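Worksheet for the structure shown next.
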Amino acid sequence: MTGLKTKTIFTTHEVSHLLHVNPRSVINWIEQSLLASYRTPGGHRRISRDDLLAFLRKHQIPTPAQLVDEKFNVLIVEDEEDIINIIKTYFERRGEYAMQSATDGISALIEVGRTKPDLLILDILIPGVDGIEVCRTIKNSPTNRTAIIAISGQAEWEKKILQAGADAFMAKPLDLELLHAEAKRLLRVL
């Protein structure tokens, strides 16, 4: 299976080989609507790269290195420019992230729709639509593929943001090493 990094469509056998599972497991995931696919006119199943990556992330299955061909898109939603710059610089120095930012809830939702980030680092207390509503809106979307790390200087928001669908919560002031470790865990790269 050469050229996996540029391949956009996979057979069930290719997916089973990549994930080291029986081909029947892949077919079962498709039949249970866990893994999106389509059928060719000849009746063969095909899985898009995006659907495969979303499946892996949703079910916390490590992403095979052969599928990671580009930088992860990360959107920072924070109304304090200093915090944006600190996070952006830290992640960019690691070389595997393309960073964008938004300073309010409306801009965040527009950017999520436009760029479909792999990871959102989301402050809860932002102008306009707050982080909890941003999180809920993103996670309620049937096409959602974005992992969300919520951040706040007020730890009492943790329960509410996790109930809204955030994948993780971190209190400010941020420990950048822990934030990066959590990002890697959520992106599930081997």
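The values are calculated or read from the model by the stated rules, or taken from the named source; none is laboratory data. Everything numeric in this text was worked out from a predicted model, so none of it was measured. Methodologically, a virtual Cβ is constructed for each residue, glycine included, from the backbone with ideal geometry; neighbour enumeration extends over all protein chains shown. Ligands, DNA and RNA are stripped out before the accessible areas are found, and what is left, the full protein with its side chains, is counted by its heavy atoms. Shrake-Rupley method; radii C 1.70, N 1.55, O 1.52, S 1.80 Å.
Answer yes if at least one residue in the range 80-91 is open to solvent by 60 Å² or more (accessible area, probe 1.4 Å) and either at pLDDT below 90 or under 17 Å from the mean Cα position of the chain (by Cα) (or both), and no otherwise. Steps first, answer last, please.
Applying the first criterion (open to solvent by 60 Å² or more (accessible area, probe 1.4 Å)) to the range 80-91 yields 80-82, 85-86.
Those left that are additionally either at pLDDT below 90 or under 17 Å from the mean Cα position of the chain (by Cα) (or both): none.
No, the conditions are met nowhere in the range 80-91.
Residues that are farther than 10 Å from Thr11 by Cα, open to solvent by less than 60 Å² (accessible area, probe 1.4 Å) and of a type in the set (A, V, I, L, M) within the range 32-60 comprise Leu35, Ala36, Leu52, Leu53, Ala54, Leu56, listed in sequence order. When residues in the range 135-152 are screened for being in contact with a strand residue (DSSP E or B) (Cβ under 6 Å, 6 or more places away or on another chain) and either without any contact (Cβ under 8 Å) to a residue 12 or more places away in the chain or among the β-branched types (Val, Ile, Thr) (or both), 4 of them pass.
Figure legend. Inter-residue proximity from the range 66-81: first residues over 27 Å from Thr8 (Cα atoms), second residues open to solvent by 10 Å² or more (accessible area, probe 1.4 Å) and part of a strand (DSSP E or B), beta-carbon distance below 9 Å, spacing 6+ or different chains. Indicated pairs: Ile76/Met99; Ile76/Gln100; Ile76/Ser101; Val77/Ser101; Glu78/Ser101; Glu81/Ser101. For the range 26-68, a tally of residues being over 27 Å from Asn140 (Cα atoms) and in a helix (DSSP H, G or I) returns 2.
Only one of the numbered conditions (1) in a strand (DSSP E or B); (2) open to solvent by 70 Å² or more (accessible area, probe 1.4 Å); (3) not hydrophobic (A, V, I, L, M, F, W, C) is not met by Arg145, and that is (1). Out of Glu70, Glu96, one residue alone is open to solvent by 40 Å² or more (accessible area, probe 1.4 Å), modelled with pLDDT under 95 and either closer than 26 Å to Val21 by Cα or touching a Gly at 6+ places or on another chain (Cβ under 7 Å) (or both). It is Glu70. Somewhere in the range 100-112, is a residue part of a strand (DSSP E or B) and open to solvent by 30 Å² or more (accessible area, probe 1.4 Å)? Yes: the range 100-112 contains one or more residues that are part of a strand (DSSP E or B) and open to solvent by 30 Å² or more (accessible area, probe 1.4 Å). Pairing residues of the range 15-36 that are among the acidic types (Asp, Glu) with residues that are surrounded by fewer than 18 Cβ atoms within 10 Å (Cβ to Cβ) and in a helix (DSSP H, G or I), at Cβ distances under 6 Å and at least 6 apart in sequence or on separate chains, gives no pairs at all.
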